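K.L.:
One structure is given below, represented as structure tokens, and several questions about it will come after.
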């Protein structure tokens, strides 16, 4: 049978009753403590100058004496059997701890596996804590006033069904916690991009019915581009959101989760208390039910620190102090850094926008709004374009080109039609087809075709153009290869003419197998 532990209050009562003249038997009947235990405690107390001849003291005296008695009962850790058994492996433990990535738990496993170490992990930990004590961490708890601060973070939410793509996808939980009331907003999403990050903030402020003065966040890319203790670089989209709603963006120190501990603790709470039930069919239903859970379930639980219900505190004390929501909605811009290519265009959101020659090769910041694209260089707005409504669109301002380059763009379709006619009717038709697909984009190809006439001659180019039109292949590589191989000398057999050909007349168009070997030159 295990020995019953004597608590401090019982020890104080033993000393007081004995001091008042009661016998060992009377104390045993009163407190239910064994006679030997009572005698041991009284003997230890007498070693500290305690006796019945002393005058009755106040409660504080007996409490202090009981503490000294209990301390004397404790066996020093270094004298315990567990410590003595573990210290035999001291050199082995030190050697193992010197290895890379080694931790105390793994040292214990190795001792158990290779050295027949038979003690419990708790005993081993007591030895490690005494032999290799960890520095005591100190911290200050910072509490703020109502509506002053919120903390935000993303956390893993496991797999959820996406009704739009009709498949399971990895989801994330966005959580914003009000630091004063501990009331929070939760939303499940499928990405952590800057647009989603800003939308979640907007939804949270609408849910709370107002805006806090400061938002503390982790250093994720959606909010902070370059973490720094003193000069962090904020994501431009998020920065605009902060200015529109009027809150201060305050990033926590890198790898210091404790600086936003109020929201950090909410992540496992959401997983344990809401996601563990899995009482929803897809992410839309999860987002609907989690709002009810924040208010009626978690919001009405007594918080372990504040000892109050978060939703009640929010409703009665904090909500009325939040800043008002802006009258105009926030248009979420898309910011991107881009380089201006030699063709005077940048690529933004899969479309192309031109800029003047003096900026070619430079990096600029591009802001994409709902209906326009603005380009900034060193903080100055240098160009505005109408935003494309579909990918692959070229938005070209012809005045952006220098005169020696723009003369080709400023020519009309009639000009290129006349230039092509010089080389033959089939060249003219081919050029019209190519320009019909996309004039600006294919101007380089047209100019390249004209240069081929200088190398191979107009006749060869016209016959090659006829073949390309017949087979519907207008690629520059095909045109060059046909000219190099002199494929234009091969007649194009129409169906009606082919049926009339026979004998030597038909065979004259045949070629030996070596002709189709593109790795060799074929002489005519």
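K.L.:
Kindly establish whether residue 359 is in the same structural domain as residue 374 (by TED's automatic domain parsing) and without any contact (Cβ under 8 Å) to a residue 24 or more places away in the chain.
P.N.:
It is true that residue 359 is in the same structural domain as residue 374 (by TED's automatic domain parsing) and without any contact (Cβ under 8 Å) to a residue 24 or more places away in the chain.
K.L.:
Restricting to segment 44-60, give me the number of residues that are more than 12 Å from residue 19 (Cα to Cα) and surrounded by 10 or more Cβ atoms within 10 Å (Cβ to Cβ).
P.N.:
Qualifying residue count, segment 44-60: 3.
K.L.:
While we're looking at this one, here's another question. Just name the residue that is nearest to residue 239 (Cα to Cα) out of those in segment 358-372 that are surrounded by 15 or more Cβ atoms within 10 Å (Cβ to Cβ) and over 28 Å from the mean Cα position of the chain (by Cα). Can you show your working first?
P.N.:
Within segment 358-372, the subset surrounded by 15 or more Cβ atoms within 10 Å (Cβ to Cβ) is 359-360, 364-368.
Next, from what is left, pick out any that are over 28 Å from the mean Cα position of the chain (by Cα): 359-360.
Numbers: 359: 26, 360: 28 Å.
The qualifying residue nearest to residue 239 (Cα to Cα) is 359.
K.L.:
Which residue out of 340, 434 is buried (at least 18 other Cβ atoms within 10 Å of the Cβ) and modelled with pLDDT under 85? Let's see the steps before the verdict.
P.N.:
Details: 340 fails: modelled with pLDDT under 85.
Going through 340, 434 in turn, the sole match is 434.
K.L.:
Also: Does residue 375 satisfy being farther than 24 Å from residue 195 by Cβ and either over 27 Å from the mean Cα position of the chain (by Cα) or modelled with pLDDT of 90 or more (or both)? Steps first, answer last, please.
P.N.:
Numbers: farther than 24 Å from residue 195 by Cβ: no; either over 27 Å from the mean Cα position of the chain (by Cα) or modelled with pLDDT of 90 or more (or both): yes.
It is false that residue 375 is farther than 24 Å from residue 195 by Cβ and either over 27 Å from the mean Cα position of the chain (by Cα) or modelled with pLDDT of 90 or more (or both).
K.L.:
Against the conditions (1) surrounded by 10 or more Cβ atoms within 10 Å (Cβ to Cβ); (2) in a loop (DSSP other than H, G, I, E, B); (3) modelled with pLDDT of 85 or more, where does residue 4 fall short? Just the number, please.
P.N.:
The number of the failed condition is (3).
K.L.:
Looking at (1) assigned to a loop (DSSP other than H, G, I, E, B); (2) without any contact (Cβ under 8 Å) to a residue 24 or more places away in the chain, find the lone condition where residue 122 falls short.
P.N.:
Only one criterion in (1) assigned to a loop (DSSP other than H, G, I, E, B); (2) without any contact (Cβ under 8 Å) to a residue 24 or more places away in the chain is unmet by residue 122, namely (1).
K.L.:
What number goes with the only condition from (1) surrounded by 15 or more Cβ atoms within 10 Å (Cβ to Cβ); (2) modelled with pLDDT of 85 or more that residue 380 does not pass?
P.N.:
Residue 380 satisfies every listed condition except (1).
K.L.:
Being on the phi > 0 side of the Ramachandran plot and either within 15 Å of the chain's Cα centre (by Cα) or not assigned by TED's automatic domain parsing to the domain that holds residue 269 (or both) narrows it down to one residue among 209, 193, 158; which is it? Break it down into steps so the answer makes sense when it comes.
P.N.:
Working: 209 fails: either within 15 Å of the chain's Cα centre (by Cα) or not assigned by TED's automatic domain parsing to the domain that holds residue 269 (or both); 193 fails: on the phi > 0 side of the Ramachandran plot.
Every option except 158 fails the conditions.
K.L.:
Right, another one. What is the number of the single condition among (1) crowded, with 17+ Cβ neighbours inside 10 Å; (2) out of contact with any helix residue (DSSP H, G or I) (no Cβ under 9 Å at 6 or more places or on another chain); (3) at pLDDT 85 or above; (4) over 15 Å from residue 178 (Cβ atoms) that residue 267 does not meet?
P.N.:
(3)
K.L.:
Hey, does segment 245-255 have a residue that's part of a helix (DSSP H, G or I) and either at pLDDT below 90 or surrounded by 14 or more Cβ atoms within 10 Å (Cβ to Cβ) (or both)? Before the answer, list the steps.
P.N.:
Step one: filter segment 245-255 for residues part of a helix (DSSP H, G or I), giving 245.
Filter once more, so that each one left must be either at pLDDT below 90 or surrounded by 14 or more Cβ atoms within 10 Å (Cβ to Cβ) (or both): 245.
Yes, the conditions are met somewhere in segment 245-255.
K.L.:
Residues that are free of Cβ contacts under 8 Å to residues at least 60 places away in the same chain and either in a strand (DSSP E or B) or within 26 Å of residue 393 (Cβ to Cβ) (or both): does segment 293-315 have at least one?
P.N.:
Within segment 293-315, not a single residue is free of Cβ contacts under 8 Å to residues at least 60 places away in the same chain and either in a strand (DSSP E or B) or within 26 Å of residue 393 (Cβ to Cβ) (or both).
K.L.:
Within the set of pairs 6 or more residues apart or between chains, which connect a residue that is in the same structural domain as residue 208 (by TED's automatic domain parsing) and in a loop (DSSP other than H, G, I, E, B) inside segment 134-148 to a residue that is exposed (fewer than 10 other Cβ atoms within 10 Å of the Cβ) and at pLDDT below 65 with Cβ atoms less than 6 Å apart?
P.N.:
none
K.L.:
So, residue 104, is that one closer than 30 Å to residue 306 by Cα and touching a residue at least 24 places away in the same chain (Cβ under 8 Å) or not? Give the derivation first.
P.N.:
Working: closer than 30 Å to residue 306 by Cα: no; touching a residue at least 24 places away in the same chain (Cβ under 8 Å): yes.
So residue 104 fails the test.
K.L.:
Separate question: Restricting to segment 320-337, count the residues that are in contact (Cβ under 8 Å) with a residue 60 or more places away in the chain, closer than 22 Å to residue 371 by Cβ and surrounded by 15 or more Cβ atoms within 10 Å (Cβ to Cβ).
P.N.:
Residues flagged as in contact (Cβ under 8 Å) with a residue 60 or more places away in the chain, closer than 22 Å to residue 371 by Cβ and surrounded by 15 or more Cβ atoms within 10 Å (Cβ to Cβ) within segment 320-337 amount to 5.
K.L.:
Can you pull out every residue in segment 379-389 that is free of Cβ contacts under 8 Å to residues at least 12 places away in the same chain and over 28 Å from the mean Cα position of the chain (by Cα)?
P.N.:
Taking segment 379-389 first, the residues free of Cβ contacts under 8 Å to residues at least 12 places away in the same chain are 379-381, 389.
Those that are free of Cβ contacts under 8 Å to residues at least 12 places away in the same chain and over 28 Å from the mean Cα position of the chain (by Cα): 380, 381, 389.
K.L.:
What's the number of the only condition in (1) modelled with pLDDT of 90 or more; (2) touching a helix residue (DSSP H, G or I) at 6+ places or on another chain (Cβ under 6 Å) that residue 153 fails to meet?
P.N.:
It is condition (1) that residue 153 fails.
The values are calculated or read from the model by the stated rules, or taken from the named source; none is laboratory data. Owing to the predicted nature of the structure, the values given are computational and were not obtained by experimental measurement. When we count neighbours, we look across all protein chains shown, and the Cβ atoms used for this are built from the backbone with ideal geometry, even at glycine.
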